[in-house]
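Colleague: I am attaching a structure below and will ask some questions about it afterwards.
The values are calculated or read from the model by the stated rules, or taken from the named source; none is laboratory data. All of these numbers come straight from a predicted model, not from anything done at the bench. Note that each Cβ is placed from the backbone with ideal geometry, even for glycine, and that neighbours are counted across all protein chains shown. Surface accessibility is based on the protein's heavy atoms, side chains included, excluding ligands, DNA and RNA. Shrake-Rupley method; radii C 1.70, N 1.55, O 1.52, S 1.80 Å.
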Amino acid sequence: MIKSLNFGWNFIRGYEDDYLKKLDESKIKVVNIPHNCQEVPYNYFSEESYQDLFTYEKLFDIEIVDKDLVYLLRFEGFMFKAKMYLNGHDLGEHYSGYLPVEIDVTDYLKKQGNRLLVILDSREDINYPPFGFALDYLTFSGIYREVNLISHQKTYLDNFYIHADNLGNVKVIYDKHGDKDIKIVNKIFFENKEIALFKGNEFKLETFNLWDIDNPNLYKLETTISFDNCVEVYRNTFAFRKAEFKPDGFYLNDKKVKLIGLNRHQGYPYMGYAASKSLQEDDALTLKKTGVNIVRTSHYSQSEHFLNACDRLGLLVVDEIPGWQHIGESECWRNACVENTKRMVLKERNHPCIIAYGVRIDESVDDHDLYTKTNQVAHEFDKYRQTLGVRNFTNSELLEDIYSYNDFVCDSMKIGLINPKKVKHNGKPYMVSEYLGHMDPVKPTSDIDKKIEVALRHARVIDDNFKYENIAGAIGWCFVDYHSHTDFGSGDHICPHGVYDLYRNPKLSSYIYASQQEKEPVIELLTNFKPGDVKEAIFNDLYIATNADYVELYKNGEFVKRFYPVSKEFPYMKHPPILIDDIVGETFKEDKFPKKSWPTIARMFSYAAMHGFNHMPLKNKLYLAYMMIKHKISYTDLVHYWNEYVGSWGGKAKTYVIKGFKDNKLMKEIEVGPSNEFHFDISTNKEVLINEETYDTLRVVIKHLDEHNSLLHYSNRIVKIQVEGPIELVGPSEQVLLGGQLSLYFNSIGVEGKAKIKLTIDNVIKELEIEVK
């Protein structure tokens with residue numbers, strides 16, 4: 001039996017000894033779990049504001065207290081330490097951080113009137129990872145993952161691990177508690193149909209479907225134990241698959257797969273770490289749709305909801321023990337690091353998405369004794385998975401199975417990744433665990449040239465990833481922007497290293513990844529075609545991120561030219577960007593010039609538009625002058641032609657349509673042009689919120705667009721938000737568009753009914769009605 005304890009907690013900032021008996025009712029705020037103790041602004045705040053003591057109280061009853069049962073109180077995650085009391089009994093002090101805590105409360109539980117008191121200490125403690133030195137992420141306070149009361153028979157099983165290989169062999173591993181001899185019966189289900197029954201811990205299934213990236217087939221194991229007159233049933237998900245890193249790359253079910261991924265931090269604006277199940281699932285889905293096949297949970301264990309979604313979606317995962325660069329000197333710190341490794345493996349080993357354990361503090365120095373222990377612990381509790389350690393230097397002691405390296409060599413378009421031959425990995429498998437990020441950070445409000453440059457650098461790294469066949473893969477830094485200490489980022493507590501912003505809205509770089517997948521058509525022009533955004537009103541090269549075979553450009557409805565991927569520039573990636581290097585093309589038709597000269601003159605106009613007349617080769621300038629003299633073309637005529645066919649600075653702006661084709665069939669088209677009419681596009685990720693073991697979350701995305709549905713990158717309109725009914729807004733009631741877009745989040749509160757949201761932007765009012773069940 002699992003009883004959720006997530007709704008209706010009493011919460012007070014601070015702690016007083018009198019709270020052991022009774023809280024100060026005048027200070028109580030009723031909250032739900034997951035909960036963020038201190039809401040902070042989007043940026044520019046003090047990280048000390050959430051580092052404090054906080055008091056939580058949960059009053060609850062249970063239907064039955066059975067003397068023949070064991071009762072466990074399980075916290076999935078809180079930041080950071082907590083002293084707990086149940087009905088006045090001291091449950092001790094426990095540290096969580098990013099890992100679950102389970103406490104036996106059998107002797108203290110009663111049927112009615114239970115009082116659970118949690119005194120949470122969210123201050124950074126140098127005696128435990130990840131603390132002790134500068135830390136490139138924030139550890140937001142709160143009981144930020146779910147709390148449950150679990151009951152078992154006196155003899156019970158936990159820490160299940162169903163290992164199933166690509167040959168159909170199933171092995172059921174678990175920890176047994178209690179002294180009774182038990183009988184075990186296992187049933188295997190696929191798509192809700194029972195397909196096998198076996199006793200004991202091992203079985204071979206003759207017919208089965210493998211789990212892989214494109215077909216993540218999941219099975220369920222129902223394990224029934226019995227002794228005396230007692231019966232207990234456990235249900236776990238598993239999959240048949242084989243994941244292996246080899247010196248020449250990564251193999252899934254004996255098929256070589258190039259890993260393309262992003263690192264993920266778990267924070268959100270205003271809510272910190274306290275993201276609901278649905279938001280965790282949304283992140284996994286966004287990563288999958290972005291076109292990556294792997295995510296690294298940097299730099300700590302993440303939500304089971306996120307990992308469950310990765311299992312369902314076929315998204316591979318590399319996890320990691322908590323920490324960043326620093327190794328503590330105290331025995332407490334080092335023991336906690338080893339213990340964290342064990343706790344991480346036990347928490348996550350039953351997820352088929354997990355393909356390796358990160359058992360080294362990210363970017364830390366070598367430490368033979370410590371990392372020998374963490375590596376041994378990981379193998380002790382899961383002998384079937386490989387380990388890796390992430391470092392940022394090339395001549396490191398390798399104790400793990402995989403050499404993982406943070407490769408930040410890409411400081412221009414000349415090189416994406418270092419040649420793996422230059423990294424001393426002793427012939428073992430090699431993977432790049434981070435790249436780019438701080439090398440060229442880009443904010444949602446950065447100028448367009450910077451956005452384009454960073455997007456193309458991501459393409460350069462992806463291309464080099466495929467270039468070096470013995471690199472198992474490369475995982476970019478990072479998925480979304482994240483909050484960090486004031487020592488990092490731009491001094492505003494945000495590291496803008498993501499291919500999405502903190503609100504999970506895309507930057508241009510994200511489309512480079514999305515264009516590498518085949519399921520959804522992608523065409524994204526990596527500019528906004530506005531001359532005022534670029535130096536000297538010169539566009540330079542115009543790139544398109546797309547998975548189309550080719551695109552056709554139309555100007556004011558007239559065909560310009562067909563363009564193909566720049567395979568010479570990016571010879572290895574699946575779908576290189578497409579370069580638009582001619583915006584005149586076949587539209588140039590002037591009878592004053594000979595028809596045979598039209599293509600040449602059109603190319604000259606395009607070259608001048610995209611690189612500047614001053615940079616045009618001398619022979620082209622001479623040719624143009626010769627043609628003007630021969631055909632009596634005046635300078636005024638030339639300006640007229642420029643405005644007619646180019647129309648950048650001072651000329652009438654043009655409307656362009658880009659059509660993408662796949663297998664010679666129209667796949668998708670987009671339109672760009674002058675922005676004269678404007679509207680707000682407002683969408684939601686769901687129509688119904690469902691209260692389950694805890695609250696559900698609605699995401700509302702607002703985009704400020706022009707008549708061509710182009711994003712207005714410089715729009716910073718204020719959004720005023722009002723809510724009615726059984727939901728609550730996360731964050732302030734007035735929020736600002738960031739780079740022309742914004743996500744708003746609304747949580748259900750455990751009550752059914754109709755909720756109304758009123759959004760006011762300028763003079764536009766949009767009302768949404770959401771059903772809450």
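Here's the yes/no breakdown for (1) in contact with a Gly (Cβ under 7 Å, 6 or more places away or on another chain); (2) under 21 Å from PHE75 (Cβ atoms); (3) of a type in the set (Lys, Arg):
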site: ILE294; (1), (2), (3): yes, no, no
site: HIS305; (1), (2), (3): no, yes, no
site: ASN308; (1), (2), (3): no, yes, no
site: GLY314; (1), (2), (3): no, no, no
site: GLY328; (1), (2), (3): yes, no, no
site: ARG349; (1), (2), (3): no, yes, yes
site: TYR357; (1), (2), (3): no, no, no
site: ASP362; (1), (2), (3): yes, no, no
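Colleague: List pairs: first residue in the range 627-645 and among the polar types (S, T, N, Q), second residue modelled with pLDDT under 70 and open to solvent by 50 Å² or more (accessible area, probe 1.4 Å) anywhere in the structure, Cβ distance under 8 angstrom, at least six positions apart or on different chains.
Modeller: ASN643/GLY650; ASN643/LYS652
Colleague: So, one more: So LYS450 fits all but one of (1) more than 24 Å from the chain's Cα centre (by Cα); (2) without any contact (Cβ under 8 Å) to a residue 12 or more places away in the chain; (3) not in a loop (DSSP other than H, G, I, E, B); what number is the exception?
Modeller: In the conditions (1) more than 24 Å from the chain's Cα centre (by Cα); (2) without any contact (Cβ under 8 Å) to a residue 12 or more places away in the chain; (3) not in a loop (DSSP other than H, G, I, E, B), LYS450 misses (1) alone.
Colleague: Looking at the range 658-673, I want the residues that are modelled with pLDDT of 95 or more and outside any strand (DSSP E or B) and have a partner that is acidic (Asp, Glu) and open to solvent by 50 Å² or more (accessible area, probe 1.4 Å) with Cβ atoms under 9 Å, at least 6 apart or on another chain. Which pairs are those?
Modeller: ASP663/ASP549; ASN664/ASP549
Yes/no matrix, rows are residues, columns are (1) assigned to a helix (DSSP H, G or I); (2) crowded, with 17+ Cβ neighbours inside 10 Å:
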site	(1), (2)
LYS443	no, yes
LEU456	yes, yes
ALA459	yes, yes
ASP464	yes, yes
GLY473	no, yes
HIS485	no, no
GLY491	no, no
GLY498	no, yes
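Conditions tested, residue by residue: (1) of a type in the set (A, V, I, L, M, F, W, C); (2) in contact (Cβ under 8 Å) with a residue 24 or more places away in the chain; (3) part of a strand (DSSP E or B); (4) open to solvent by 50 Å² or more (accessible area, probe 1.4 Å).
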site: GLU693; (1), (2), (3), (4): no, yes, no, yes
site: ARG699; (1), (2), (3), (4): no, yes, yes, no
site: HIS704; (1), (2), (3), (4): no, yes, yes, no
site: HIS708; (1), (2), (3), (4): no, yes, no, no
site: HIS713; (1), (2), (3), (4): no, yes, no, no
site: VAL719; (1), (2), (3), (4): yes, yes, yes, no
site: GLU728; (1), (2), (3), (4): no, no, yes, yes
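Colleague: Please determine whether any residue of the range 41-48 is of a type outside the set (Gly, Ala, Ser), touching a strand residue (DSSP E or B) at 6+ places or on another chain (Cβ under 6 Å) and without any contact (Cβ under 8 Å) to a residue 60 or more places away in the chain.
Modeller: Applying the first criterion (of a type outside the set (Gly, Ala, Ser)) to the range 41-48 yields 41-45, 47-48.
Subset that is touching a strand residue (DSSP E or B) at 6+ places or on another chain (Cβ under 6 Å): 43.
Imposing the further condition that a residue be without any contact (Cβ under 8 Å) to a residue 60 or more places away in the chain reduces the set to none.
Checked the range 41-48: no residue is of a type outside the set (Gly, Ala, Ser), touching a strand residue (DSSP E or B) at 6+ places or on another chain (Cβ under 6 Å) and without any contact (Cβ under 8 Å) to a residue 60 or more places away in the chain.
Colleague: Sticking with this one: More than 22 Å from TYR137 (Cα to Cα) and at pLDDT 95 or above: is that true of THR341 in this structure?
Modeller: Details: more than 22 Å from TYR137 (Cα to Cα): no; at pLDDT 95 or above: yes.
So THR341 does not fit the description; no.
Colleague: Quickly run through the range 66-79 and pick out the residues that are touching a strand residue (DSSP E or B) at 6+ places or on another chain (Cβ under 8 Å) and either crowded, with 21+ Cβ neighbours inside 10 Å or farther than 19 Å from ALA274 by Cβ (or both).
Modeller: Let us first name the residues in the range 66-79 that are touching a strand residue (DSSP E or B) at 6+ places or on another chain (Cβ under 8 Å), namely 66, 68-76, 78-79.
The answer is ASP66, ASP68, LEU69, VAL70, TYR71, LEU72, LEU73, PHE75, GLU76, PHE78, MET79.
Colleague: Now for a different question. Conditions first: (1) touching a residue at least 60 places away in the same chain (Cβ under 8 Å); (2) open to solvent by 60 Å² or more (accessible area, probe 1.4 Å). LEU436 passes all but one, so which condition is the exception?
Modeller: Of the numbered conditions (1) touching a residue at least 60 places away in the same chain (Cβ under 8 Å); (2) open to solvent by 60 Å² or more (accessible area, probe 1.4 Å), the odd one out for LEU436 is (2).
Colleague: Within the range 227-238, can you find the residues that are open to solvent by 40 Å² or more (accessible area, probe 1.4 Å) and touching a Lys or Arg at 6+ places or on another chain (Cβ under 8 Å)?
Modeller: At the first step, the residues of the range 227-238 found to be open to solvent by 40 Å² or more (accessible area, probe 1.4 Å) are 228-229, 231, 233, 235, 237.
Answer for the range 227-238, where residues must be open to solvent by 40 Å² or more (accessible area, probe 1.4 Å) and touching a Lys or Arg at 6+ places or on another chain (Cβ under 8 Å): ASP228, ARG235, THR237.
Colleague: Could you tell me which of the residues LYS421, LYS414 is part of a helix (DSSP H, G or I) and charged (D, E, K, R)?
Modeller: Numbers: LYS414 fails: part of a helix (DSSP H, G or I).
None of the other options fit; the residue is LYS421.
Colleague: Give me the pairs: first residue in the range 100-124 and assigned to a loop (DSSP other than H, G, I, E, B), second residue of a type in the set (Gly, Ala, Ser), beta-carbon distance under 8 Å, and six or more apart or on different chains, which are they?
Modeller: Matching pairs, first to second residue: PRO100/GLY77; SER122/SER141; SER122/GLY142.
Colleague: Another question, if that's okay. Restricting the range 567-611 to residues that are in a helix (DSSP H, G or I) and aromatic (Phe, Trp, Tyr), which is most open to solvent (accessible area, probe 1.4 Å)?
Modeller: The extreme case among them is TYR607.
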